[in-house]
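> I am attaching a structure below and will ask some questions about it afterwards.
What follows draws every value from the coordinates through simple rules; no lab data is involved. As the structure is a computational prediction, the values presented were derived from the model and not from experiment. Methodologically, a virtual Cβ is constructed for each residue, glycine included, from the backbone with ideal geometry; neighbour enumeration extends over all protein chains shown.
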Amino acid sequence: MLNSLNKNLSKRALATSLALLLSSTVAFAATDISKLEVLMPTLLAPPMVMKHNQIAQGEAKLVKFEMIIEEKLIEIDEDGTKVWAMTYEGSVPGPMMVVHEGEVVPNNETVT
């Protein structure tokens, strides 16, 4: 009985997730990003955080980030221990990117 209950819950959870995904896709598709205000915030190394508002203000915006992602040898402690790491703007962890619900963040990658 427990097994059939789990199957029913899984089907219900899947149906709910699918409905949410489809509704959010329709909402996104209705957004004409060419008409959105474009923001290009400056990312800061942790623990600092980019300049931002705590609460969304005005209409949705298109938020574009530029970040250099590269593998490099970094020092991780006072003893001089080094490891190869995927770094984001030269640090691990990388900078915090702040966006608000409804804002659009394009994913453009340039490999050099």
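> Where in the range 29-112 are there strands (runs of 3 or more DSSP E), lying wholly inside it, with at least 1 residues that are touching a His at 6+ places or on another chain (Cβ under 9 Å) and not aliphatic (A, V, I, L, M)?
Working: elements: 37-39, 61-63, 69-75, 82-88.
Qualifying strands (runs of 3 or more DSSP E): 61-63.
> Within the range 39-73, which residues are β-branched (Val, Ile, Thr) and surrounded by 11 or more Cβ atoms within 10 Å (Cβ to Cβ)? It would help to see each step written out before you state the result.
As a first pass, look at the range 39-73 and keep what is β-branched (Val, Ile, Thr): 42, 49, 55, 63, 68-69.
Listed by number, the residues that qualify are 49, 63, 68, 69.
> Then there's this: Determine, yes or no, whether residue 94 is in contact (Cβ under 8 Å) with a residue 24 or more places away in the chain and either closer than 27 Å to residue 31 by Cβ or under 13 Å from the mean Cα position of the chain (by Cα) (or both). Give the derivation first.
Numbers: in contact (Cβ under 8 Å) with a residue 24 or more places away in the chain: yes; either closer than 27 Å to residue 31 by Cβ or under 13 Å from the mean Cα position of the chain (by Cα) (or both): yes.
Judged against the criteria, residue 94 is a match.
> Now for a different question. Six or more apart or on different chains, Cβ under 8 Å: which pairs go from a residue in the range 36-48 that's farther than 21 Å from residue 106 by Cβ and in contact (Cβ under 8 Å) with a residue 12 or more places away in the chain to one that's surrounded by 11 or more Cβ atoms within 10 Å (Cβ to Cβ) and charged (D, E, K, R)? Could you list them?
Taking only residues 6 or more apart or on different chains, the pairs are 45/89.
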